Amino acid sequence: RVAALPNSWRAQLWLARGELERKNLAGALNRYREAIRQANPLPADALMQISGDLGNAGFLKELVEICSPHFDVKQHGLQVGNNLLKALVDLKEAPSARRILEQLYAEQRPDWREHLLFWEREIDKLDKGYGPVRENEKIEISMLTLEGPIWASEGNPFSELLPTKAGDAVMITFLCGSA
């Protein structure tokens with residue numbers, strides 16, 4: 001009866017959760033859409049419940065379809081962002097996950113840093129070129145050799161001001177790696 005009242009979006013959310021428990025995805029999605037339509041602007045706790053319910057029930061694609069268009073980082077913050085990121089990473093949709101992550105980083109919240117770094121590592125694992133080396137995968141190694149500091153290289157006018165190095169001078173070598 002409460003759900004029949006105008007602007008009773010919270011009741012719609014609880015009825016949608018009940019539909020999910022009864023394995024009626026279509027009914028739940030209709031209730032969630034109705035709640036979103038009634039709640040304007042959509043409060044963080046509403047989107048948190050929708051994304052949490054759908055995620056816990058394993059409906060990740062539906063979670064992304066319903067929640068992504070309404071996600072506003074300033075209003076819904078890290079809690080809803082976490083749910084979206086989890087779903088997108090599980091669905092292996094790295095570009096979409098990275099867009100959400102960038103929105104969250106743009107807020108420059110030091111208290112979110114650890115969470116965002118975790119998601120950044122998870123997304124990086126999905127992107128090509130990241131992750132462990134596969135068996136039988138060819139690894140190429142090359143070496144770049146530079147004699148002396150770059151600013152003292154032959155042909156640089158500054159090199160003419162430097163003293164000539166003795167033939168028995170000590171040579172120091174730095175080996176650096178990158179991936």
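The values are calculated or read from the model by the stated rules, or taken from the named source; none is laboratory data. On a predicted model such as this, the values are computed, not experimentally measured, just so you know. Cβ: placed from backbone, ideal geometry, glycine included. Neighbour counts: every protein chain shown. All accessible areas refer to the heavy atoms of the entire protein, side chains included, with ligands and DNA or RNA removed. Shrake-Rupley method; radii C 1.70, N 1.55, O 1.52, S 1.80 Å.
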- Cβ-Cβ under 6 Å pairs, at least 6 apart or on other chains, the range 41-56 side closer than 16 Å to R31 by Cβ, far side open to solvent by less than 20 Å² (accessible area, probe 1.4 Å) and among the hydroxyl-bearing types (S, T, Y): I50/Y32
- Query: If you check S51 against the conditions, is it of a type in the set (G, A, S) and within 21 Å of L13 (Cα to Cα)?
  - Reply: yes
- Message: Looking at the range 1-24 only, could you name the residues that are open to solvent by 40 Å² or more (accessible area, probe 1.4 Å), modelled with pLDDT under 70 and part of a helix (DSSP H, G or I)?
- Response: V2, A4
- Note on the structure: Given the conditions (1) under 25 Å from R113 (Cα atoms); (2) without any contact (Cβ under 8 Å) to a residue 12 or more places away in the chain; (3) among the aliphatic types (A, V, I, L, M), every one holds for V64 apart from (2)
- Confirm whether G27 is assigned to a helix (DSSP H, G or I) and small (G, A, S). yes
- Query: Which pairs do you get when a residue that is over 16 Å from P69 (Cα atoms), found in the range 83-99, comes within reach of a residue that is open to solvent by 60 Å² or more (accessible area, probe 1.4 Å), reach meaning Cβ atoms under 7 angstrom, with the pair 6+ apart or on two chains?
  - Reply: L91/K61
